[in-house]
Amino acid sequence: MLTAPGPPQPAGDPGKLSAGEWELVTLVAQGRTDAQIAAGLSISIGTVRAHLDAIRDTTGCHRRADLTRLALSEGLV
């Protein structure tokens, strides 16, 4: 018998994220753009994007919606 699949699980290991990376995940989950995150943290947009790429590689969450789902599951938002 077929069952309905649950929500997709990240392929990586979110437990390996640093405190700063969790902060970025939280900001993404709050709906902030890369430019807004960069301005708020006083870093460049390129730096934000590089960190988000590293987070995506670590967690397996490739879309912003996946990062938001991760933040929700961790109780960050």
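Per residue of region 57-72, what does 6.51 cos²θ - 1.76 cosθ + 1.60 with θ = phi - 60° give for ³J(HN,Hα)? Whole Hz please, x for Gly and Pro, Karplus curve as stated.
Ordered by residue, 3J(HN,Hα) equals 5, 5, 8, x, 8, 9, 10, 4, 4, 5, 5, 5, 4, 4, 4, 5 Hz.
Assuming 0.36 nm per residue, please report the length gained on full extension of the stretch Val77 to Glu23 beyond their Cα-Cα distance.
Stretched fully, the Val77-Glu23 segment lengthens by 18.4 nm.
Rule-based calculations on the coordinates, nothing more; no lab input. For clarity, every value in this text was computed on a predicted model and none was experimentally measured.
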